[in-house]
Amino acid sequence: MTKRVTATVVICVMGAIIAGIALARPGSNDPAPATAQPTDTAQSGTASEGIVIDQFAFAGTMTVAPGETVVVNNFDGAQHTLTSSDGLFDTGTLDATTGTGSFVAPTEPGTYAFFCSIHPSMTGTITVTG
């Protein structure tokens, strides 16, 4: 009888420890991030919303004012960059999953193409208004 009670207590304690670890893990209760669909010109938005990199795609490509600072958040499991095709702006390498960077939009109105220099098939555009 003592062995059965001891085994039951050990199992209960182990279960409580495992459950506590799972609940204490950062982000374990956070909702899953929205899934970005790959596009050549992702959705429009504002600079305060930023550009998101997720599932090897840019989302939140936007229209901004000349010289506005644009935030880029990498939620992917790989490193990425956001690099203008004409060399006008570049975030540098953004770390996997938690990398955040920014760039200053060009001062001349127009539409500017960008890509990931690590994964060149990832592309998007940003429009600078006049």
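The values are calculated or read from the model by the stated rules, or taken from the named source; none is laboratory data. Everything numeric here is computed off the predicted structure, so don't read it as measured data. A quick note on method: Cβ atoms are made from the backbone with ideal geometry, for glycine too, and the neighbour counts reach across all protein chains shown.
Name every residue in the stretch 85-111 that is in a strand (DSSP E or B) and under 16 Å from residue 50 (Cα atoms), in order of residue number. Passing the criteria: 90, 94, 100, 101, 102, 103, 104.
Filtered by the rule that a residue be of a type outside the set (S, T, N, Q) and under 17 Å from the mean Cα position of the chain (by Cα), the stretch 104-119 gives 114, 115, 116, 118, 119. Candidates in the stretch 93-114 are the residues that are modelled with pLDDT of 95 or more and small (Gly, Ala, Ser); of these, the one that is surrounded by the fewest Cβ atoms within 10 Å (Cβ to Cβ) is 110.
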